[in-house]
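Student: Sending over a structure as structure tokens; questions will come in a sec.
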Amino acid sequence: MAFSMVDANSDSFYSGALGRISWAMVVLAVVAAVALWLRYGWGVAAGFACGSMVSYLNFSWLKKVVEAFAERVTQAGKPRSAGGIVLRFLARYVLMALVAYVIVSVWPASLYGLFAGLFLPVAAIACEAAYEVYVALARRI
């Protein structure tokens, strides 16, 4: 009986990972944008903010695309076209390229901030991994 209780707690804990990663992305973006603004000025901070917004949108859209694809694969019945799923998947890259082009055209110095902002999900996932390790050690699983 104790084993099933641990499984239930683990399932509820791990099912909240995407929400925690999303919140970590927002918190990291705000903190890093302020730090970059104080250290390097508004250009780099604005580039980072743009990169962070693109990263957040990219992460959310990717989550929706994966959910739609999983639903399509597991759904029995008449097959639907995958065109919309593929279009949403490709739209993410078009958005990143468009924002990068605008940043380079308007303020080339902020390109470094943009690239740093695009790595925001990596930092948020690393924070989530560290949190999960901490919780696992605290629970002594």
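Student: Among Y112, Y131, Y93, which is the only one that is hydroxyl-bearing (S, T, Y), at pLDDT 85 or above and either out of contact with any helix residue (DSSP H, G or I) (no Cβ under 6 Å at 6 or more places or on another chain) or surrounded by 14 or more Cβ atoms within 10 Å (Cβ to Cβ) (or both)?
Tutor: It is Y131.
Student: Is the range 12-21 home to any residue that is charged (D, E, K, R), surrounded by 11 or more Cβ atoms within 10 Å (Cβ to Cβ) and modelled with pLDDT of 85 or more?
Tutor: Yes.
Student: Which condition from (1) surrounded by 15 or more Cβ atoms within 10 Å (Cβ to Cβ); (2) charged (D, E, K, R); (3) over 24 Å from I21 (Cβ atoms) is the one that R39 breaks?
Tutor: (1)
Student: Here is a further query. Could you say whether any residue in the range 51-68 is in contact with a helix residue (DSSP H, G or I) (Cβ under 7 Å, 6 or more places away or on another chain) and at pLDDT below 80?
Tutor: Yes, there is a match, as at least one residue in the range 51-68 is in contact with a helix residue (DSSP H, G or I) (Cβ under 7 Å, 6 or more places away or on another chain) and at pLDDT below 80.
Student: Evaluate the range 48-65: report whether one residue or more is of a type outside the set (K, R), out of contact with any Lys or Arg (no Cβ under 9 Å at 6 or more places or on another chain) and either exposed (fewer than 14 other Cβ atoms within 10 Å of the Cβ) or at positive phi (or both).
Tutor: no
The values are calculated or read from the model by the stated rules, or taken from the named source; none is laboratory data. Only a predicted model underlies this, so the values are computations on that prediction, with no experimental measurement involved. Don't worry about glycine lacking a Cβ; one is built from the backbone with ideal geometry, like all the others, and counts go over all protein chains shown.
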